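Data first, discussion second: the structure below is written as structure tokens.
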Amino acid sequence: MKADTLRGHLDALLLAVLDGRKLHGYAIIEALQLRSDGALDLPTGTVYPALRRLERAGWLASEWDVVSGRKRRTYRLTRSGEQALAAERTEWREFTAVIGGVLDA
């Protein structure tokens with residue numbers, strides 16, 4: 001998948017994989033790969049800065065946990081993050097309906 005295709009959608013993707021669960025950074029990358037059947041293979045240099053940005057925005061909260069015997073920072077959605085994800089999902093459905101209407105005509 002082209003990197004340009006993802007531009008503007010990374011936040012929604014990260015919020016979606018954290019919906020209802022708490023994950024560390026590498027597990028987030030793995031979840032994106034799994035949900036996309038391998039199409040999304042984002043580098044850590046893209047994902048970790050985005051996670052920190054979403055945390056600064058108040059959409060994510062993080063804490064240090066021990067995962068598989070290693071100390072890792074785990075992330076979860078805040079209430080604001082849940083609301084942002086709901087808005088992103090609505091916007092995505094509207095966008096795909098409009099674009100689909102044009103491309104499939």
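The values are calculated or read from the model by the stated rules, or taken from the named source; none is laboratory data. Since we're looking at a predicted model, the values are computed, not measured. Counting neighbours? That spans all protein chains shown, and the Cβs are built from the backbone with ideal geometry, glycine included.
Details
- Options LEU15, LEU32, LEU23: the member that is in contact with a strand residue (DSSP E or B) (Cβ under 9 Å, 6 or more places away or on another chain) and under 21 Å from GLU91 (Cβ atoms): LEU15
- Among the residues making up the stretch 22-43, those that are surrounded by 14 or more Cβ atoms within 10 Å (Cβ to Cβ), farther than 15 Å from ASP11 by Cα and aliphatic (A, V, I, L, M) are LEU23, ALA27.
- Filter result (surrounded by fewer than 10 Cβ atoms within 10 Å (Cβ to Cβ) and within 13 Å of the chain's Cα centre (by Cα)) within the stretch 44-77: none
- Cβ-Cβ under 6 Å pairs, at least 6 apart or on other chains, the stretch 48-59 side in contact (Cβ under 8 Å) with a residue 24 or more places away in the chain, far side of a type in the set (Gly, Ala, Ser): TRP59/SER80; TRP59/GLY81; TRP59/ALA84
- Of the helices (runs of 4 or more DSSP H) entirely within the stretch 6-76, those holding at least 3 residues that are over 24 Å from THR96 (Cα atoms) occupy 25-35, 44-56.
- Scanning the stretch 78-97 for residues that are aromatic (Phe, Trp, Tyr), loosely packed, with under 15 Cβ neighbours inside 10 Å and either assigned to a helix (DSSP H, G or I) or touching a residue at least 24 places away in the same chain (Cβ under 8 Å) (or both) turns up at least one hit.
- Residue check for THR5: surrounded by fewer than 13 Cβ atoms within 10 Å (Cβ to Cβ), polar (S, T, N, Q), at pLDDT below 95 and over 23 Å from THR90 (Cα atoms): no
- Filtered residue count, the stretch 1-32, keeping only those that are under 17 Å from TYR75 (Cβ atoms) and either free of Cβ contacts under 8 Å to residues at least 12 places away in the same chain or out of contact with any Pro (no Cβ under 9 Å at 6 or more places or on another chain) (or both): 22
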